[in-house]
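Novice: Take this structure, written in C-alpha cells, and hold onto it; I'll ask about it next.
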C-alpha cells in the first residue's frame, strides 16, 4: 500500500487598497469614533457608520438630547 502526500500551496496576492477605499475606510472610522463618543455601543456605532444613508449629525443629536440609544436606532432605521 502506497501513500501519496500532496501539498497544495495557495498564493495570495495582496493588493493595496485604492485611494477611494482608503478614504472610505477613514471616513467610516471617523464616523464610528463620533458615534462611540456620543454614547452608542460598538455594534450600533459600526452599523450606523457603515450606512451612509444615516445622518451622523442626527444620530449624535438624538443622544445628546437624551434619547436612549435603542430608541434612536429605531428612529434612524
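Novice: Give the number of residues within the stretch 32-52 that are modelled with pLDDT of 95 or more and either outside any helix (DSSP H, G or I) or under 15 Å from residue 77 (Cβ atoms) (or both).
Specialist: Adding up the residues that qualify gives 13.
Novice: If we scan the stretch 41-63, do we find a residue that is surrounded by fewer than 17 Cβ atoms within 10 Å (Cβ to Cβ) and on the phi > 0 side of the Ramachandran plot?
Specialist: Taking every residue of the stretch 41-63 in turn, none turns out to be surrounded by fewer than 17 Cβ atoms within 10 Å (Cβ to Cβ) and on the phi > 0 side of the Ramachandran plot.
Novice: Do we find that residue 67 is modelled with pLDDT of 95 or more and not in a helix (DSSP H, G or I) in this structure?
Specialist: Numbers: modelled with pLDDT of 95 or more: yes; not in a helix (DSSP H, G or I): yes.
So residue 67 passes the test.
The values are calculated or read from the model by the stated rules, or taken from the named source; none is laboratory data. Everything quoted here is computed from the prediction, not taken from an experiment. With ideal geometry, Cβ positions are generated from the backbone for all residues, glycine too; neighbour counts draw on all protein chains shown.
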